[in-house]
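Q: Below is the structure I would like to discuss, written out as structure tokens.
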Amino acid sequence: MSRFFKSILLHILLTLLFGIGLGLAYSWFISPVTYVDANPALLRADFKDQFRIVIAASYASNQDLARARARLSLLGDADPIGELSAQAQRMLASGEAFENAQPLAELATDLRQGRVSEPFTPTAFPTFNTPDVPLTVTPTAAEPLLEATEEFVVTSLPTILFEQTPLTPITTAVRTPRSTFTPTAGPGAPFALMSQETLCNPGTPSLLQFMLMDSRKRQAPGIEIIVTWDQGEDRFFTGLKPELGDGYADFIMQANTTYNIRIVTGGTLAPNIIAPSCTDPNGQAYPGSLLLTFQQ
Amino acid sequence: MTALGIIPHMSSSNLIKLVLAIVIGIGLGLVYGWVIDPVEYIDVTPDVLREDYKVDYTLMVAEAYANDFDPALAAQRLAILGSEPPTGIVNSALEYANLNNFTQEEIRSLQNLLTAMQTFQPVEDIAP
């Protein structure tokens, strides 16, 4: 190959590369592809959060679990349920009201269960019908004739009698009433300490573990717990470790320290909690863990 | 010297080859940049969503409004769809719903939201 030919080939190659560079610069920077028909999976994270909130609010209204699941799938999350729980936790951690995070947590729970949770509905209050009763006025005496006299005459007032039928409740719905009704505790009902279990795991820190369940025995996220002891106080929420459960929370105890626990929702107190003593295989004593289970 | 005076000792046929090379190069670059590996948008805003996604979002807001009856919250939720006023957004969604055989319940929800947005008066916070 002659030197001249090689030179021309090199020029052509360089020019081709230069042209490719120009084309890429134009298509990537000057006039890139513009999206006008994007799908929700491409949304920025904060807008995805807003979408989840609206999906959960819509689900709270229509209770259409399949549709909520389909809508969540549009966001392209690898774990939509986990994302819902995590967002609820983030909202609580940032100080938002529990009521704002609750629809997300409920949707996550229902998706996990695969069914719509029965909403809390108060029983229908019976309505009473007060019939329109014509007023009957029966004068007790003969019609007194009013005469202009100089003396002041007091005439007796007529007695008014009401003819009224007894009040009877009317049923507005044809639905047969339930034979029994078990009242369901509301979200602010107090928690009761159901069990206290000692856990001995040598080599692990002495944990005060909490598992909070609501009245339907579902794990309750976002419940604030206050632990106080003689030298301090700590506050935390359930559900901040979703991998261990939405109703789970824990706290590291020190040996020979007495703790008082207060569940903020409902104000339940569990005083004088101390780390249990366990014994390892070598006969050495060590502080164990405690699992406290509360239920509304 | 060529006519351009840039590339010495080059015939016109070679110059044509160079021009062809740059044209082909630009073409290849455009195809790669627009088709094969276009700029990927991963953090888009809701205003560039496809129309059906926007309508579904509006429907979700309408369904949520049927539960909480909070027009301010509904207007706030609709605001992420762009600078158009809430009534315009809901009206467009309602037209789309009528054209695309949405259920009567869905259309009713959108109509209720439209009514709420038409009568909604946002309260402005006046800083002291």
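Q: Out of the residues in the range A:57-70 that are in contact with a Lys or Arg (Cβ under 9 Å, 6 or more places away or on another chain) and facing chain B (nearest Cβ under 9 Å), state the one that is farthest from B:Val61 (Cα to Cα).
A: A:Tyr59
Q: Evaluate the following for A:Phe47: is it at pLDDT 85 or above and either open to solvent by less than 30 Å² (accessible area, probe 1.4 Å) or touching a Leu at 6+ places or on another chain (Cβ under 6 Å) (or both)?
A: no
Q: So, one more: Report whether or not A:Leu104 is modelled with pLDDT of 90 or more and open to solvent by less than 40 Å² (accessible area, probe 1.4 Å).
A: yes
Q: Within the range A:202-233, restricting attention to residues that are in a strand (DSSP E or B) and open to solvent by 60 Å² or more (accessible area, probe 1.4 Å), which residue is nearest to A:Gln295 (Cα to Cα)?
A: Ranking the candidates gives A:Gln219 first.
Q: Which fully enclosed helices (runs of 4 or more DSSP H) of the range B:33-116 have 1 or more residues being at the interface with chain A (Cβ under 10 Å from one of its Cβ atoms) and either in contact with a Gly (Cβ under 8 Å, 6 or more places away or on another chain) or surrounded by 14 or more Cβ atoms within 10 Å (Cβ to Cβ) (or both)?
A: B:51-68, B:71-78
Matching residues to (1) free of Cβ contacts under 8 Å to residues at least 40 places away in the same chain; (2) buried (at least 19 other Cβ atoms within 10 Å of the Cβ); (3) facing chain B (nearest Cβ under 9 Å):
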residue: A:Lys6; (1), (2), (3): yes, no, no
residue: A:Leu13; (1), (2), (3): yes, no, yes
residue: A:Leu22; (1), (2), (3): yes, no, yes
residue: A:Ile30; (1), (2), (3): yes, no, no
residue: A:Val36; (1), (2), (3): yes, no, yes
residue: A:Ile55; (1), (2), (3): no, yes, yes
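Q: Which of the residues spanning the range A:242-292 are open to solvent by less than 30 Å² (accessible area, probe 1.4 Å), in contact with an Asp or Glu (Cβ under 9 Å, 6 or more places away or on another chain) and under 29 Å from A:Gly82 (Cβ atoms)?
A: Residues satisfying the conditions are A:Gly247, A:Phe251, A:Ile263, A:Ser289, A:Leu290, A:Leu292.
Q: Select from the range A:265-296 the residues that are aliphatic (A, V, I, L, M) and under 16 Å from A:Pro205 (Cβ atoms) and write down the one among them that is modelled with the lowest pLDDT.
A: The selected residue is A:Ala285.
The values are calculated or read from the model by the stated rules, or taken from the named source; none is laboratory data. Quick caveat, the model's predicted, so the values are computed rather than measured. Every residue, glycine among them, receives a Cβ derived from its backbone with ideal geometry; neighbour counts consider all protein chains shown. Accessible surface is based on the protein model in full, side chains and every heavy atom, while ligands, DNA and RNA are left aside. Shrake-Rupley method; radii C 1.70, N 1.55, O 1.52, S 1.80 Å.
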